[in-house]
Amino acid sequence: MVSKLLYKRLLNIIIKTMKKLFVLVAIASLSFATSCKNEKDNAVETETTVDSITNDSATVVTTTTTITESEAKAKLDKAKADLDAAKARGDKAATEAAQKAYDDAEKAWNDTKAALKNAADNVEQGVKNTVDNVDAKADKAKEDINKAAKDAKQDVENAAKDVKAEAKEAGEKAKEGYNNALDKMKTK
């Protein structure tokens, strides 16, 4: 009777701990899966400034566009080719415009690389944080299981002492009952 109760209690403790671990692993894997989304082209916002001179007035147009890594590299390559072509023609105005376009494309390319590195670092840090949290929760669960096992062991020891005391008491009562029965037999 006592061992069945202890068994049920220990089983309930183990089941509760397993449920906690299952939820913890599910949350960790979900956060890992959502933080590791892989995209083909990574978009980065860059700012481009275009200067144009019309008659005697200067117009500055600033636009913010979102470009991908491959687009930034393609624009850089195109600007380099245009710059080389302008230098080959010897056209000073075209060379200056091509140089400006090349500088802007190079800045966009460098910004794109920096943003991608930053994003990769953020993902890496997120994974490290998730792993640390999982390790901490696993250690806590291990401590809980060890505590539950110690409690169960103590309960079993207490139950064994109770059974021993009850058995001793039952033995004494049986001995007393036997002696009473003998006394009654002697008096008859």
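Of Lys8/Lys161; Lys8/Lys147; Lys153/Lys175; Lys16/Lys153; Lys16/Lys147, which pairs sit farther than 22 Å apart, going by alpha carbon to alpha carbon?
Lys153/Lys175
Could you calculate the FRET efficiency of Val25 with Ser3 from 1/(1 + (r/R0)^6), where r is the beta carbon distance between them and R0 is 35 Å, rounded to 0.05? Intermediate values should be presented prior to the final figure.
Values: r = 32 Å, r/R0 = 0.92.
My answer for the efficiency is 0.65.
How would you classify region 84-163 from its alpha-carbon gyration tensor, with a ≥ b ≥ c the square roots of the eigenvalues: rounded for a/c under 1.5, else prolate if a/b is greater than b/c, otherwise oblate?
prolate
Which aspartates and glutamates, if any, have their Cα less than 18 Å from the Cα of Lys20, not counting same-chain residues under 8 positions apart?
Result set, ordered by chain and number: Asp132, Asp135, Asp139, Glu143, Asp144.
Please rank Met185, Met18, fewest neighbouring Cβ atoms within 10 Å first, as an exposure proxy.
Details: Met185 8, Met18 12.
Ascending Cβ contact count within 10 Å gives the list Met185, Met18.
Run the simple label-point estimate for Glu106 and Val127 please: 7 Å along Cα→C-beta, distance reported in nm.
3.4
Readers should treat all values here as calculations from the given coordinates under stated rules, not as data from a laboratory. The model shown is predicted, which means the values in this text are computed figures rather than measured ones. Here Cβ is always computed from backbone atoms with ideal geometry, including for glycine, and neighbour counts include all displayed protein chains.
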